[in-house]
Amino acid sequence: MTQATTSLTKLLFEPYKLKNLTLKNRIVMAPMTRRQSPDGVPGQNVAEYYARRAAGNTGLIISEGSFVDDSASGAIWEPTVPRLYGEAALAGWKNVINKVHAAGGLMFPQLWHLGIKPDSDGVNPRPEDSCGPSSISTDGTNIGEEPSLKRLEESNQAYVRTACNIKELGFDGLELHGAHGYFLDQFFWEKTNKRTDKYGGTIGERARFVAEVVKAVRKEVGNDFPLILRISQWKLNAYEVKNAHNPAELEAWVTPLAEAGVDMFHCSTRRFWLPEFEGSDLNLAGWVKKITSVPTITVGSVTTNQEFGSKEKSAEDGITFHDLEKRLERKEFDLVAVGRALISNPDWASLVEQNKVNDLKTFDMKMLGELN
Ligand SMILES: Cc1cc2nc3c(=O)[nH]c(=O)nc-3n(C[C@H](O)[C@H](O)[C@H](O)COP(=O)(O)O)c2cc1C
C-alpha cells in the first residue's frame, strides 16, 4: 500500500456542520448489514460494535439497514436483521445509541424495506407479502399483484412511525435506504416500476412516491432533524444499471427529492473516483450536489482495492487520498463514507489521521461472521 502523508488527508479531518450537529470529521461509517440481531433485536454485542467505531473517531455512523415493519420483510425472511419497531428491538437500539454517544459518536439508523423479492431467491415463502411498486421483481419475474394505493400509503406510514421511534430514542438523524434495488429504489428503476398511475412514468414521475415518503417523514421529525437519502444507480447483482443515463435525467430524478426536504444525499458508488457521465470527472455525489446544491456523501473503495460485489482485485491500490483530497478541496462532495475498511478497522479514522495507513487491516469476507 502507498503511504499517504498527513497533509494529503487534511480536509478529511475538518469538522462539518449538518443542521445543528457538528461532525468531528468528514468520515462516515457506511451502512452494512451484519445479521447479528436475533429476532431483530440488537444486543450488547451490536452496541459495542458501533461504540468501537465511535471511539475510533468516526465522524458519523450510519447503522446497518434495519426494517421499518414486518412487510419490509423483517419477521419473515431475515430474522437476524435488526428492526426499528417493537418494544424489544427499540430497547436494544436505545442501548446502542447510548453507548455510541458515551464513546463520543453520532449515529443515524438506516431505514430499510426490501420491497419485492425475486422468487429465485428461494426465500420467499409468501409472495403476497412481497411489495414493490409493481408485481415485477428485480430479476424480471412477475410475482404477486401490483399493490393498491392504500397499501403504498401503509408503507409510507411505516417510515413515518419508524422515524418517530428513532427520534424518541435519541438518535441524531436518520437515513432512508433508497438505493441498490430495494423498495424505494424499485420506484426509481424502470424495470421494477411499471405503474401507470401517479407513481409511474418518467424518471421524474417515478421519484414521486419517495418524495412523498421524504415529505411525510420530514413532517414527523421536524425541520431540525437531519434526513439523509441514500441513492444509487447500481442494483445488487445488476451493477451496470442506471436510473439516470445523463445529467438531464439525473436532474429530473433528484430535484423533486431535494425539494421534498432531503438534507443530504448519500450517493452510493462502488469506486468513488469513477466519473458518472462522459465529459466530466464528477462522480455521482458530485453531480447530485452540482444539480441540487444539497450536500452529498461519496463512497466506494476507500482504502480497498476490491470494489463491492466483485471477486477481482483492481489494479488501483485503493489508497486514493490524493484524489479524495482534491475532490474535497473543490467541494465536489462533503462527507466520505467508508464501508468494508471500517469492518476490518474499527479505528480506521484514528489510524488514517495518524498517517498509519500501513497498519490498516485488509477486509476479508470471513470477518462478516463475527462482530469485532
Ligand atoms: C457486508 C456489507 C453489508 C452492506 N449492507 C448495506 C446496507 O445495509 N445498506 C446499504 O445501503 N448498503 C450496504 N452495503 C454497501 C455499503 O454501505 C458500501 O456502500 C459498500 O460496501 C461500498 O463501500 P466500501 O467500498 O467502502 O466497502 C453493504 C456492504 C457490505 C460489504
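For segment 286-310, which positions are within 14 Å of the ligand (Cβ to nearest atom) and not in a loop (DSSP other than H, G, I, E, B)? Before the answer, list the steps.
Start the filter on segment 286-310 by keeping residues that are within 14 Å of the ligand (Cβ to nearest atom), which leaves 296-310.
Within segment 286-310, THR296, ILE297, THR298, VAL299 meet the criteria.
For segment 214-256, enumerate the residues that are assigned to a helix (DSSP H, G or I) and either of a type in the set (Lys, Arg) or within 16 Å of the ligand (Cβ to nearest atom) (or both).
Residues of segment 214-256 that are assigned to a helix (DSSP H, G or I), as a first pass: 214-221, 247-256.
Selection gives LYS215, ARG218, LYS219.
Run down GLY300, GLY261, GLY286 and say which single residue is within 20 Å of the chain's Cα centre (by Cα), small (Gly, Ala, Ser) and within 17 Å of VAL210 (Cα to Cα).
Working: GLY300 fails: within 17 Å of VAL210 (Cα to Cα); GLY286 fails: within 17 Å of VAL210 (Cα to Cα).
After applying the criteria, what remains is GLY261.
With (1) over 30 Å from THR292 (Cα atoms); (2) assigned to a helix (DSSP H, G or I); (3) more than 10 Å from the ligand (Cβ to nearest atom); (4) in contact (Cβ under 8 Å) with a residue 60 or more places away in the chain as the list, and ASN355 as the residue in question, which single condition is left unmet?
With respect to (1) over 30 Å from THR292 (Cα atoms); (2) assigned to a helix (DSSP H, G or I); (3) more than 10 Å from the ligand (Cβ to nearest atom); (4) in contact (Cβ under 8 Å) with a residue 60 or more places away in the chain, ASN355 is out only on (2).
Could you tell me how many of the residues in segment 90-113 are under 12 Å from GLY40 (Cβ atoms) and within 16 Å of the ligand (Cβ to nearest atom)?
2
Taking only pairs six or more apart or across chains, which ones have beta-carbon atoms under 8 Å, a first residue in segment 186-215 that is over 20 Å from ILE228 (Cβ atoms) and free of Cβ contacts under 8 Å to residues at least 40 places away in the same chain, and a second residue that is in a helix (DSSP H, G or I) and among the acidic types (Asp, Glu)?
LYS198/GLU205
Anything in segment 73-94 that is modelled with pLDDT of 95 or more and among the aromatic types (Phe, Trp, Tyr)? List them, or say none.
Selection gives TYR85, TRP93.
On the basis of being more than 10 Å from the ligand (Cβ to nearest atom) and under 23 Å from PRO256 (Cα atoms), does THR362 make the cut? Even if it seems obvious, please write down each step before you answer.
Details: more than 10 Å from the ligand (Cβ to nearest atom): yes; under 23 Å from PRO256 (Cα atoms): no.
No.
Going by what's in this entry, would GLU332 be described as touching a Lys or Arg at 6+ places or on another chain (Cβ under 6 Å) and of a type in the set (Asp, Glu)? Let's see the steps before the verdict.
Details: touching a Lys or Arg at 6+ places or on another chain (Cβ under 6 Å): no; of a type in the set (Asp, Glu): yes.
Spelling it out, it is not the case that GLU332 is touching a Lys or Arg at 6+ places or on another chain (Cβ under 6 Å) and of a type in the set (Asp, Glu).
Looking only at residues that are within 12 Å of ARG327 (Cβ to Cβ) and within 18 Å of the chain's Cα centre (by Cα) in segment 265-283, which one is nearest to the ligand (Cβ to nearest atom)?
Only one residue fits best here, namely PHE272.
Would you tally the residues in segment 326-350 being within 15 Å of the ligand (Cβ to nearest atom), assigned to a helix (DSSP H, G or I) and in contact (Cβ under 8 Å) with a residue 40 or more places away in the chain?
Filtering segment 326-350 for residues within 15 Å of the ligand (Cβ to nearest atom) gives 333, 335-346, 348-349.
From what is left, the residues that are assigned to a helix (DSSP H, G or I) are 340-344, 348-349.
Checking which are in contact (Cβ under 8 Å) with a residue 40 or more places away in the chain leaves us with 340, 342-343, 348-349.
Number satisfying all stated conditions: 5.
Could you list, in sequence order, all residues of segment 310-352 that are at pLDDT 75 or above and over 19 Å from THR58 (Cβ atoms)?
Passing the criteria: HIS322, ASP323, LYS326, ARG327, GLU329, ARG330, LYS331, GLU332.
Restricting the first residue to segment 170-182 and requiring it to be of a type in the set (Ser, Thr, Tyr), which pairs with a second residue that is crowded, with 24+ Cβ neighbours inside 10 Å and not in a loop (DSSP other than H, G, I, E, B) meet a Cβ separation below 7 Å and a spacing of at least six or different chains?
TYR182/TRP112
Return the residue satisfying two criteria in turn: it lies in segment 140-155 and is surrounded by fewer than 16 Cβ atoms within 10 Å (Cβ to Cβ) and touching a residue at least 40 places away in the same chain (Cβ under 8 Å), and of such residues it is nearest to THR192 (Cα to Cα). Write out each step before concluding.
If we filter segment 140-155 for residues that are surrounded by fewer than 16 Cβ atoms within 10 Å (Cβ to Cβ), which is where we start, we get 140-142, 145, 148-151, 153-154.
Remaining after also requiring touching a residue at least 40 places away in the same chain (Cβ under 8 Å): 140, 149, 154.
On the way: GLY140: 8, LEU149: 16, GLU154: 19 Å.
Selected residue: GLY140.
The values are calculated or read from the model by the stated rules, or taken from the named source; none is laboratory data. Just so it is clear, the structure is predicted and the values come from calculations on it, not from any experiment. Glycine gets a Cβ as well: all are built from the backbone with ideal geometry, and neighbour counts include every protein chain shown.
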